[in-house]
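Since the structure comes first, as structure tokens, the remarks are kept for the end.
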Amino acid sequence: MCGIVGAIAQRDVSQILVEGLKRLEYRGYDSAGLAIYNDNKIQRLRRLGKVSELDQALQETPLPGGLGIAHTRWATHGEPSERNAHPHMSEDNIALVHNGIIENHDELRDELKAKGYVFSSDTDTEVMAHCLHEELKTSHSLLEALQKTTKKLDGAYGTVAIDTNEPDKMVVARSGSPLVIGKGIGEYFVASDQLALLPVTRDFIYLEEGEVAEVRRDGVTILDSNGQKVERDFEKSDIQHDAVDKGRFRHFMLKEIFEQPQVVNDTLEGRLVNHKIIIETLGANANKVFADTKAIQIIACGTSYHAALVAKYWIEDYLQIPCLVEIASEYRYRQTAVLPNSLFVTISQSGETADTMAALKKAKEQGYLGTLTVCNSPASSMVRESDFTLLTRAGTEIGVASTKAFTAQLVSLMLLMVTIGKAQGLEESKEKSIAEALEHLPSEIQAALDQAEAIEDLSERFAEKHHTLFLGRGQQYPIAMEAALKLKEISYIHAEAYAAGELKHGPLALIDKEMPIVVVAPKDNLLEKLKSNIEEVRSRGGQLFVFADESANIQSSDGITVFPIKSQYTITAPMVYTIPMQLLSYYVAIIKGTDVDQPRNLAKSVTVE
């Protein structure tokens, strides 16, 4: 995920820009650059690789100045290289940075070439820079030229530009990719995330969809999509912590659980536009491989394996192609048969998981159509080894027991499923229905989080237990598996998960009044079957805790405690129901006094076999 930082001040802004980029490194990138105005010219510095490479270059060749823009890029159009890194320029006077994807860049490129513009990169962003330069010829200001430019663009963008002819301002525009404006004392800043600006300001304005703005040292002018002036007050940020600061939370795990609405928004940023799912950052020829894919093999470990199991339901339901899911440590050590035209997918938060990495290397020798990794770490080994990459956007996760990274994986896998489907002719109506569900997901997760206090009270009934059984059906069965894993990881209570339909094939023998049975019960086509399973447990004296949809018509009574959950959309229900499971495990662990963030015997990234 790309990052943007801009600044206009009386002081030198170069280190402010670099520090801002460093604070956005978690989003993923492959190159970094900045452009500074000084002495009537724009000087640009770009480097492939880490922000530290750019910082070192800046130390060796200082670029002082009071106006500048900076960017971290994840390659979409054009390979990772210095020539494709942002900022991009038109002639010597325009510099521009951009997040998002311009879908009609080919058409615009041809028009600009016909007018004499020469392109020095393969990016869609350079198209924007030249468009802005062209519009300046018939405009009275840089802001007017940007307004005209945005009307020519199809796609998503968050952009910031500067011009040597108007060195007292930055201009910004937003459509589908967020931008925030920060205010200091006689200075202003722009960024794609307020996190980048916290060292210099706590006062922010958030641009709305379709707005453009002119940012000066003495103020900000915002115009809506109709060119009308917008009055908006700066808001004081209440963020008191960074990714490695627990802030108001007792543990990192709790902080990360509560970050999940924002994580979903971050994961969808620039990928969900106008009820359509757009991902063009996977790698060259991805769409061709997806169009030819007749089967999918997913390999993962632990929590990532559970995410893969949920994705299997989506893929086979919506795409009607076989999806095989296997634990990496099993796959790598057995003889495997590859289905024709199969796509090999790995899932790993760190991208360094030893067993998954070994499975990926094995797969590259087995004749798969291609390899794709879903990962939270852009510089990891698995990203480098895979043909295609879909980065999750969970940010830094400190707690060993994964929470927000799991949700980010699920959302990313749903986006991947739709992207493959679109390459194979997925109906627009299905894409729209999934997009609608994703748009509502952050608010549904927040509603689940709002019940934390009630779940904390419920947890007291688990703390003295030695065993817990989790039940689910369909796509909620893997959520039951993940819930059992969480309880084991941080409370050290033995927990198992079963597909509820398997109760009569053995697990019923375990049922007694001492073992809590947790049931995940959304309102879907398996609800009536699940109710029968609940009665099987109840009739044998089991103590049931049912997390059920509000309209599921399951009532609390002797032996059954029902906890209502709001979830309107079946396809995104796994992400909603995992929230109370995470909270339950956390609060049980708190009562038991275990080390929540660093449970015994476990590590965050498993880089050994």
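Every read-out reported here was derived from the displayed coordinates using simple, explicitly stated rules and does not represent laboratory data. This structure is a prediction, so every number in the text was calculated from the model and none was measured. Note: ideal-geometry Cβ built from the backbone for every residue, glycine included; neighbour counts use all protein chains shown.
Annotations for the structure displayed:
- Rounded to the nearest 500, the helix-only mean residue ellipticity at 222 nm of the chain stands at -10000 deg cm²/dmol, with each DSSP H run of n ≥ 4 adding -39,500 (n - 2.57).
- Inter-part distance, the stretch 33-48 to the stretch 539-569, computed on C-alpha centroids, equals 61 Å.
- Around the amide H of I565, modelled in the peptide plane, lie the amide H atoms of A548, D549, E550, all under 5 Å away and 5 or more residues distant in sequence or on another chain.
- The packing ranking, built from the mean of other Cβ atoms within 10 Å per residue, places the peptides 380-393, 455-468 in the order 380-393, 455-468, highest first.
- Cα Rg, Dmax (largest Cα-Cα span) when computed across the stretch 131-215, Å: 13.1, 39
- Each peptide in 137-144, 522-529 receives the mean, over its residues, of other Cβ atoms within 10 Å, and ordering these scores from highest gives 522-529, 137-144.
- Across all C-alpha atoms in the stretch 453-595, the radius of gyration and Dmax reach 13.7, 40 Å.
- Taking the convex hull of the alpha carbon positions in the stretch 1-122 and averaging its projected area over all directions gives 7.5 nm².
- Secondary structure note: in the stretch 102-224, about 95% of the DSSP beta bridges are antiparallel.
- Legend: calculated FRET efficiency, R600 to T138, from the Cβ-Cβ distance at R0 = 51 Å, rounded to 0.05, equals 0.15.
- Derived scalar couplings between HN and Hα for the stretch 539-553 equal 5, 9, x, x, 9, 9, 10, 10, 8, 10, 4, 4, 9, 6, 6 Hz in order, rounded to whole Hz, by the Karplus curve 6.51 cos²θ - 1.76 cosθ + 1.60 (θ = phi - 60°), x for Gly and Pro.
- Overall Cα dimensions of the chain - principal axes, largest extent first, Å: 82, 53, 45
- At 1.306 mPa s and 10 °C, Stokes diffusion of the stretch 3-236 via Kirkwood alpha-carbon radius, µm² per second: 92
- For the stretch 245-426, the alpha carbon positions stretch 52, 42, 28 Å along the principal axes, listed from largest to smallest.
- Computed about its Cα centre, the charge dipole of the chain is approximately 960 debye, with only Lys, Arg, Asp and Glu carrying charge at their Cβ.
- Annotation: amide H of D154 within the under-5 Å range of E103, N104, sequence separation 5 or more or interchain, hydrogens built in the peptide plane.
- Where labels lie 7 Å past Cα in the beta-carbon direction, separation of K364 and H505 in nm: 3.8
- Rg/Rg_ref, the stretch 494-546, where Rg_ref = 2.2 N^0.38 Å and atoms are Cα: 1.06
- Rg/Rh, computed from the Cα trace of the stretch 338-383 with Rh as the Kirkwood radius, has the value 0.98.
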